[in-house]
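**Student:** Below are the structure tokens for one structure; questions will follow.
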Amino acid sequence: MDSKSSLSSSKEDSSTLLIPLVTESISAGFPSPAEDYIEIGIDLNKCLIKNPVSTFFLRVNGSSMNNAGIYNNDLLIIDRSINPKPGHIVVALLDGEFTLKRLIKKQDNYYLKADKKNYPAINLYEYIDIEIWGVATYSIHELQKTKV
């Protein structure tokens, strides 16, 4: 191994933060027996980001996608390398304004639709400048706390 590849490999390792991963899955129903050991770790970059060069984060402002599990102030992971298809949640630039909606196709027309009732679909053919910036792959948000 030459010194250049050794150097880049050690740089890569030093920037990776491994978070401990319990080897058992957790039951969201009835309790299951717990294991007393933890795997070495998990790199969230490897799990959540498939194409690092084309991935960016975006903070959500608004509630039109709540029924899709995307809430105000969530942190989204957006992948620009994914070819957007109907059903994907996309970041779109419409005549210079950004929006986050689900891409849908009815007959031969494409629309952007909020995942909330009573929100009208956006007909993409009504805009001059349309650009799909990327597909949302994950939403990261804090779990809601309830008062007991």
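The values are calculated or read from the model by the stated rules, or taken from the named source; none is laboratory data. What you are looking at is a predicted structure, and each value in this text was computed from that prediction instead of being measured. Methodologically, a virtual Cβ is constructed for each residue, glycine included, from the backbone with ideal geometry; neighbour enumeration extends over all protein chains shown.
**Student:** If you go through region 123-148, how many residues are in contact with an Asp or Glu (Cβ under 7 Å, 6 or more places away or on another chain) and not in a loop (DSSP other than H, G, I, E, B)?
**Tutor:** 5
**Student:** Is it true that Lys50 is at pLDDT 65 or above, in a loop (DSSP other than H, G, I, E, B) and surrounded by 13 or more Cβ atoms within 10 Å (Cβ to Cβ)?
**Tutor:** Answer is yes for this residue.
**Student:** Among the residues that make up region 72-81, is at least one of them surrounded by fewer than 18 Cβ atoms within 10 Å (Cβ to Cβ) and more than 15 Å from Tyr138 (Cα to Cα)?
**Tutor:** The answer is no, given that none of the residues of region 72-81 is surrounded by fewer than 18 Cβ atoms within 10 Å (Cβ to Cβ) and more than 15 Å from Tyr138 (Cα to Cα).
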